[in-house]
Amino acid sequence: MSPITAPPAELVDPNDRVQLRRVFGDFPTGVTVVTVGGSEPRGMTANSFTSVSLSPPLVLICVGKDAVMHQRLTALPTFAVSVLEAGQEKAARHFADRSRPPGADQFDSVDWLLGEASGAPLIAGAVAHLECAKHRLYDGGDHTIFLGEVITATRWPVREGMLFSGGRFRRFAPDAGEGRAA
């Protein structure tokens, strides 16, 4: 084999938050809205969500320590995650907007239902809903890693999840075949 010619690369300073955020943003992720209930319900768009374990069923979310959601998650025993559908960009942008109203009023612009196990709002039309009991917290630098044990899970397999990559909301490419990743 002969050497290949790679396209020009951009050397990134890992101590430059703006540059590093661009690198992290190159990794495509799903988009969720994390919610809490109680006397001051709150929602937050998050793409730092992942499954951790099947037994016990665990997921994690990462939340900036300066976010209002951080103090709400820290104070409450449960939270919920709505995995957004590809057409729910409006909801994703709404819950990412720091100027949205506080409390229950922030849910006036979206359809939602109340999670029976968590008491948290669940975004209607999502691909999946997970209600979680807070399991553990870990320090993650300027974020806290919230580990939750899934207590209820619901999915709508006919819906397609939303992607986020390169600072933009995206959709999956149309199927070119029936192959699936192993």
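Derivation of every value follows stated rules applied to the coordinates shown; laboratory data play no part. Here the structure is a predicted model, which means the values were calculated and not measured. FYI the Cβ positions are ideal-geometry reconstructions off the backbone, even for glycines, and counts take in every protein chain you see.
Tell me whether region 96-115 contains one or more residues that are surrounded by 15 or more Cβ atoms within 10 Å (Cβ to Cβ), touching a residue at least 12 places away in the same chain (Cβ under 8 Å) and within 24 Å of Ser55 (Cα to Cα). The answer is yes; a qualifying residue exists. Just one of the numbered conditions (1) part of a loop (DSSP other than H, G, I, E, B); (2) under 18 Å from Val63 (Cα atoms) is not true of Cys132: (1).
Consider Arg136 against the criteria (1) closer than 19 Å to Ser51 by Cα; (2) among the charged types (D, E, K, R); (3) surrounded by 13 or more Cβ atoms within 10 Å (Cβ to Cβ): it satisfies all of them except one. Which criterion is unmet? Failing condition for Arg136: (3). Figure legend. Inter-residue proximity from region 12-36: first residues touching a residue at least 40 places away in the same chain (Cβ under 8 Å) and more than 16 Å from Ser165 (Cα to Cα), second residues of a type in the set (Val, Ile, Thr) and not in a loop (DSSP other than H, G, I, E, B), beta-carbon distance below 6 Å, spacing 6+ or different chains. Indicated pairs: Val33/Thr45; Val33/Ile123; Val34/Ile61; Val34/Val81. If you go through region 148-170 and keep only what is within 30 Å of Val23 (Cα to Cα), part of a strand (DSSP E or B) and among the small types (Gly, Ala, Ser), you end up with Gly148, Gly161, Ser165. Among the residues here, Leu163 qualifies as more than 18 Å from Gly43 (Cα to Cα), in contact (Cβ under 8 Å) with a residue 12 or more places away in the chain, hydrophobic (A, V, I, L, M, F, W, C) and surrounded by 13 or more Cβ atoms within 10 Å (Cβ to Cβ). For region 115-129, a tally of residues being under 20 Å from Cys62 (Cβ atoms) and part of a strand (DSSP E or B) returns 3.
Could you list, in sequence order, the residues of region 116-145 that are without any contact (Cβ under 8 Å) to a residue 12 or more places away in the chain and of a type in the set (Gly, Ala, Ser)? Walk me through it before giving the result.
Here is the first cut: in region 116-145, the ones without any contact (Cβ under 8 Å) to a residue 12 or more places away in the chain are 136, 138-139, 141.
Scanning region 116-145 gives a single hit, Gly141.
In the condition set (1) without any contact (Cβ under 8 Å) to a residue 24 or more places away in the chain; (2) among the charged types (D, E, K, R); (3) within 27 Å of Arg168 (Cα to Cα), Lys65 is compliant with all but (1).
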